[in-house]
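Please read the structure below before turning to the comments.
Please treat every number below as a calculation from the coordinates, not as lab data. All values reported here derive from a predicted model rather than from experimental measurement. Reconstructed Cβ throughout: ideal geometry from the backbone, glycine too, with neighbour counts over all protein chains shown.
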Amino acid sequence: MATLAVYPGSFDPLTNGHVDIILRGARLFDRIVVAILLNAEKSPLFSMDERVEIAREVFKAQSNVEVDTFDGLLVDYVARRHAQVIVRGLRAVSDFEFEFQMALMNRRLDARIETIFMMPAEQYTYISSRLIKEVFTLGGRVHGLVPELVEARLQLKVRRDA
Ligand SMILES: Nc1ncnc2c1ncn2[C@@H]1O[C@H](COP(=O)(O)OP(=O)(O)OP(=O)(O)O)[C@@H](O)[C@H]1O
Ligand SMILES: [Mg+2]
């Protein structure tokens with residue numbers, strides 16, 4: 001049976017840390033779905049449509065990477081997709097506690113689903129979407145930390161009136 005993995009997150013915006021994990025996942029599993037969570041934050045910088053469009057563009061050459069959205073319980077979405085695996089990224093020990101809780105709760109909710117953790121390349125271990133938004137908004141350089149498309153979109157969005 002083909003192994004389908006789901007990589008959930010808010011991806012507001014997609015960073016090179018996310019891209020690293022997705023490409024690793026695409027090598028390991030038959031197919032990986034980047035599942036963008038609806039309504040994760042009340043005021044996201046990028047709309048759902050923008051986030052979907054960006055991810056589809058970045059992975060257009062990877063035929064086994066799919067981009068989708070979901071709402072509600074992650075395990076329900078995973079079961080609906082007939083996926084077997086949830087992929088999560090681990091950057092540092094600080095990610096561990098929350099991820100450990102989520103993985104065990106999700107296992108309790110649906111024992112058929114395995115959570116797999118992957119580490120990004122070292123140079124991406126300190127990147128988060130929140131930090132990218134903060135640094136960029138304050139005028140800092142994020143070149144090399146996000147896909148070029150994201151950098152261009154940030155420019156349009158944040159510096160349009162600068
Ligand atoms: N730089 C990174 N390297 C590896 N995994 C990452 C990285 N950034 C995020 N992840 C993982 O990607 C998944 C989705 O995370 P999420 O959408 O919350 O991204 P984030 O960068 O943590 O955003 P935010 O700062 O808004 O929380 C999580 O499993 C998270 O641990
Ligand atoms: Mg996060």
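Which percent of the Cα-Cα distances in segment 6-90 go past 20 Å?
28
On full extension of the chain, what length is gained from residue 92 through residue 48, given 0.36 nm per residue of separation minus the C-alpha to C-alpha distance?
That works out to 13.1 nm of additional length.
Distances over 28 Å make up what percent of all Cα-Cα pairs in the chain?
For the chain, the share of Cα pairs beyond 28 Å comes to 19 percent.
May I ask you to compute the full-extension gain from residue 159 to residue 109, defined as 0.36 nm times their residue separation minus their alpha-carbon distance, rounded to one decimal in nm?
13.6 nm
Taking the Cα centre of segment 69-111 as the origin, how large is its charge dipole in debye, to the nearest 20, when only Lys and Arg (+1) and Asp and Glu (-1) carry charge on their Cβ atoms?
140
Applying a 10 Å radius around every beta-carbon, put 7-15, 130-138 in order of their mean neighbour count, most first.
7-15, 130-138
Count the net charge of all other residues whose Cβ sits under 14 Å from the Cβ of residue 126, scoring Lys and Arg as +1 and Asp and Glu as -1.
On the way: positive: 91, 130; negative: 20, 95, 122, 134.
Within the 14 Å Cβ shell, the charges total -2.
Taking every Cα atom in segment 54-119, find the radius of gyration and the maximum pairwise distance Dmax, and write them in Å.
13.4, 36
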